[in-house]
Amino acid sequence: MVVAPAAFETLDNLPSPLTPFVGREAEVASLCSLLRQDGVRLVTLTGPGGIGKTRLALRVANDLRHDFGDGVRFISLATVTDPALLPVTIADVLGVREEIHRPALIALTDALRERHQLLVLDSLERLVDGAGVITDLLTACTGLKVLATSRSRLRLRGEHERPVPPLTLPPPRGAEASPMLDYDAVRLFVDRARGVDPAFVVTPANAAVVAEICRRLDGLPLAIELAGARVKVLSPDALLARLTNRLRVLTGGPRDLPERQRTLRDTIAWSHDLLTREEQVIFRRLAVFAGGLTLEAAEWVCAGGKDVVQGAERWRLSPLTCGSEIPSLDAPVLDLLAALVDDSLLQSAERSGESRFSMLETVREYALERLAESGEEPGIRAAHAAWFLDLAERAEAELAGPHQAAWLSRLEADHDNLRAALEWSSTEGDATVGLSLASALWRFWAPRGHLREGRQSLERALEMGKDAPPQTRAKALHHLGNLALDLDDYSEAQAAYEASLHLWREHGDEQGVAAALNGLGLVASNRGEYREARRLHGEALALRRKHGDLRGITLSLHNLGNVARDEGDYERSRALHKEVVDLRRDLGDLAGLAYSSWILGQLAAGQGEAVEAAQRFQEGLRLFRDVGDKLGIGYTLVDLARLAHQQGDDKQAVSCYREALTPRREMGDQRGVVECLEGLASVALDQGQPERAARLLGGADAWREAVGAPLPPAARAGRLQEIAKATAALGEPEFATAWMIGRAASVEESIALGEAIEVAGPVTASDPDTEPMANAGLTPRELEVLRLFAAGHDSFEVADQLFISRRTVTTHSSNILAKLGVNSRAAAVGAALRLGLV
């Protein structure tokens, strides 16, 4: 028997939430639009526990009430565990009773056949085996639509899966209080915090802390709600400090919620307990990965290192290294990963053409607890460290070749994994593995602006790896010297190179000795100790000739050529670099030839031979492009820009700087980007745009400070001159303001500012013998006014000093701008400085 139609029609059971629905305006609009389409009958909201699937479904259902003639009905299935009871439960909620000879599905079909209705089926994850009932109903009832929520997709024909994303989060850099409230995660935190403390507000003092709390909780609504409720007893600072253990802190949800939603741990455990045994095993093993993983890494690490993948066989683990044998997985890892993605415990995305998987940090914390309980953690962490050591050692060679950009991106994607492997190896695992890993990454740290981190990692690994083999320590010390040299810390660089030299000599490794001597030669050269630099590079060259090391010989000759250049002996420098060119041709070393052309271009530029310099730079640029060396492309374009600027062709200079920014941004070469910004600042200054120049210089200064790359000593005098020139043009207060604005800007904002330079024709002095155009055509009074502007005086002060009216000052100012062809007083002062008028 079917319930009477009138009674059936009047039932309306959408629950009324007791707390406000916050954010997700775009998702609500998109889902409503989707469900209004004629061909869409089944939409499933998927996501991990606590992501807000039910609240979103209720909001969408409420907004669609009037779109369905027979209304919208909500059926909670959270307490149902038997798939066979799915049609019975739906029927009970709708008031449809089954009879002995009339099963619930048939009764439901008859009741809904003529209805134009939306059913909201909530929490289907434990009933997916019986979800075919939904297809049966939709097939028989053409006016019916279903909005389902589940931690995994239903795998039904016609299903439109829509993963529910975390709430929007503020970017890592702090934001002011008002823009902060534009982010859904922050709004939810504030709303729930005010529920227990009505006086709670986001202020400039606590905004950054609140943003970090929301980021630590992955934008997960349940976690944020539980955290907001803690504001009653914990300040935001205290709460953030305790979030190192999210699962312990985020408890005490409302009593009227289902038990599984009262603590974050219970919510995740609910999903975990629905997994098969093997899915639970790989779930906990994947927790060792920080920041994401690839399929290949998962296949090797989660098997305890027993399966050979991509040349990592030398790190095959044994019970001795693991502490205990790691049980094998019977099912293919790919299938297990796909199952975890379907169950919303793992996310998948494509990055640089490669599939990557990741866990929300809240979920990963739970998985780490399970891994520790299993007794497998030492073996899995050893396999993890071994995998990433192999990756780093393969990358070390590739970073000097044509695929450097791809390998830098690959290492950057696994930066958190590399950190985790370094941390574990240096403290609890094999310190030799940690030392080898830190050493192998030396070419990665500099381009991506991680110089300080790289140096600290190597210093710590050397401290923990005192018992490592001498050759391993010697190599690590040499690479520490390289990083210290990049940081202009010549004392530490010298100490590290000398320590590596001592170990290599003890071990009888003359190639290593030559490398250490080469490093010490670079330190001496940077200190201006050219005689010592020649001696050290000469010793290294002799050892390399002895061993027939052509590439080493080339490097030593290259460095000796640079020493000669720095001493001002351009003829000797050219001769040495031309010898290097011959060797590199014999070796077929196109990348080396590119660098030689670049260096020869610098030598020509240093002697004022602009035509030859340009030819050499263009030749180097062509070769760098042929071998795909993006760092070299960037170096050469910057030197072409500098040459053009020196020749007064600022349009060409800006064009080259803009072009150089492309490979440097692709490489993540932050120091290279900063060099371009500094070059653009010089152009802006000479184009009469001192405020732009000051902002660019301020931004460059901040980013050099942030990435640990101080201005080279040779460039410091020129920088001081640029600062003095910009200060003279703007006045000290205006310069300081522009400088601080630049320091606060992001790199992208600084790049946009630099690329927006509009280059006019160069402002040049007229023939001094032609009286009407002497002093750029300015009258003596106009020159007086201009010089006072340059000294930092405003219009009132100029009027007082010259005993003229302010209106007269304004007239003179307009005449000055027109005669100099500029559009601001700052630009006029810049032009006057170039012309020598002030």
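The values are calculated or read from the model by the stated rules, or taken from the named source; none is laboratory data. Computed from a predicted structure; not experimentally measured. Glycine also receives a Cβ, built like all others from the backbone with ideal geometry; neighbour counts cover every protein chain displayed. All accessible areas refer to the heavy atoms of the entire protein, side chains included, with ligands and DNA or RNA removed. Shrake-Rupley method; radii C 1.70, N 1.55, O 1.52, S 1.80 Å.
Here the convex hull built on the C-alpha positions of region 530-640 has a volume of 90 cubic angstrom per residue.
Over all projection directions, the Cα-based convex hull of region 604-693 averages an area of 5.6 nm².
Amide H contacts of ARG73: LEU118, LEU119, VAL120, each under 5 Å away and 5 or more positions distant or on a separate chain (H built 1.01 Å from N in the peptide plane; Pro and chain starts excluded).
Across region 442-514, counting alpha-carbon atoms alone, Rg and Dmax equal 11.9, 35 Å. Ranking GLY375, LEU217, TRP445 by how far each Cα lies toward the positive end of the dipole of the chain (charges on Cβ) leaves LEU217 at the top. For ALA148, the amide hydrogen comes within under 5 Å of the amide hydrogens of VAL43, THR44, LEU45, LEU121, counting only partners 5 or more places away or on other chains and with H modelled in the peptide plane.
Hey, for a label at ARG531 modelled as a point 7 Å past Cα toward Cβ, could you say which residues of region 488-521 have their backbone N under 15 Å away? It comes to no residues whatsoever. Computing Rg/Rh (Cα atoms, Kirkwood Rh) directly from the structure and comparing it against (1) 1.10; (2) 1.07; (3) 0.96 singles out (2). Computed from the Kirkwood radius of its Cα pairs, the Stokes-Einstein diffusion coefficient for region 410-474 at 10 °C and 1.306 mPa s stands at 136 µm²/s.
Residue-normalised convex hull volume from the C-alpha trace of region 63-103: 90 Å³ per residue. In region 1-153, the DSSP beta bridges split such that about 5 percent are antiparallel, to the nearest 5. Have a look at LEU42, GLY538, LEU422 and report the one farthest towards the positive end of the charge dipole of the chain, computed about the Cα centre with Cβ charges (Lys/Arg +1, Asp/Glu -1). Checking the options against the dipole of the chain, the answer is LEU42. Backbone geometry of region 674-686 corresponds, through the Karplus equation with coefficients 6.51, -1.76 and 1.60 at θ = phi - 60°, to 3J(HN,Hα) couplings of 4, 4, 5, 4, 5, x, 5, 5, 4, 5, 4, 5, 6 Hz, x marking Gly and Pro.
Would you mind getting me the FRET efficiency between ALA406 and ARG622? Use the beta-carbon distance for r and R0 = 35 Å, nearest 0.05.
My answer for the efficiency is 0.95.
Given region 662-762, what whole percent of its Cα pairs are spread farther than 22 Å?
Roughly 23 percent, once rounded to a whole number.
Heavy-atom surface analysis with a 1.4 Å probe gives region 91-167 a carbon and sulfur content of 49 percent of its accessible area. By the compact-protein rule of thumb, 2.2 N^0.38 Å, the alpha-carbon radius of gyration of region 68-197 corresponds to a ratio of 1.41. Here's the list of lysines a cross-link from LYS578 could span, going by alpha-carbon distance under 26 Å and ignoring same-chain residues fewer than 8 apart: LYS546, LYS630.
Looking at the chain only, what percent of DSSP beta bridges run antiparallel? Nearest 5 please.
Bridges in the chain are about 30 percent antiparallel.
Per the Debye formula on identical point scatterers at the alpha carbon atoms of region 84-154, with no solvent, log10 I(q)/I(0) at q = 0.14, 0.16, 0.18 Å⁻¹ is -0.39, -0.52, -0.66.
State the three equivalent ellipsoid semi-axes of region 709-755, derived from the C-alpha gyration tensor as the square roots of 5 times its eigenvalues, in descending order and whole Å.
Ellipsoid half-lengths, sorted descending, are 19, 17, 9 Å.
With loop membership from DSSP and a limit of 12 other Cβ atoms within 10 Å, the longest segment of the chain without trypsin sites (Lys or Arg not before Pro) is 467-838. Using only side-chain charges placed at the Cβ, +1 for Lys and Arg and -1 for Asp and Glu, the dipole size of the chain relative to its Cα centre rounds to 560 debye. Excluding same-chain neighbours fewer than eight residues apart, the lysines reachable from LYS466 by a Cα-Cα span under 28 Å are LYS475. Per residue, the Cα convex hull of region 492-541 amounts to 52 Å³.
Karplus-derived 3J(HN,Hα) values for region 525-531, using 6.51 cos²θ - 1.76 cosθ + 1.60 with θ = phi - 60°, are 4, 5, 7, x, 8, 6, 4 Hz; glycine and proline are entered as x.
Computed from Cα atoms, the angle from the helix 825-835 axis to the main principal axis of the chain rounds to 30 degrees.
Take the Cα gyration tensor of region 442-582, multiply each eigenvalue by 5, square-root it, and list the three semi-axes largest first, rounded to whole angstrom.
27, 18, 13
Averaged per residue, region 9-72 has 46 square angstrom of accessible surface, using a 1.4 angstrom probe with ligands and nucleic acids left out.
Remark: region 60-68, residue by residue, has Karplus-estimated 3J(HN,Hα) of 4, 4, 5, 6, 9, 3, 8, 7, 10 Hz, where x stands for each Gly or Pro and the curve is 6.51 cos²θ - 1.76 cosθ + 1.60 at θ = phi - 60°.
Assuming charge only on the beta carbon of Lys and Arg (+1) and of Asp and Glu (-1), the dipole of region 118-192 about its Cα centre is about 140 debye to the nearest 20. Using a simple charge model, +1 on the beta-carbon of Lys and Arg, -1 on the beta-carbon of Asp and Glu, nothing else, what dipole does region 529-632 show about its Cα centre, in debye to the nearest 20? Using only the charged Cβ atoms, the result is roughly 240 debye. Here is how the number arises for the chain: DSSP H runs of 4 or more residues each give -39500 (n - 2.57), the sum is divided by the residue count, and the result at 222 nm is -19500 deg cm²/dmol. Using the Cα coordinates of region 147-218, the gyration tensor eigenvalues translate into equivalent-ellipsoid semi-axes of 33, 14, 9 Å, sorted from longest to shortest.
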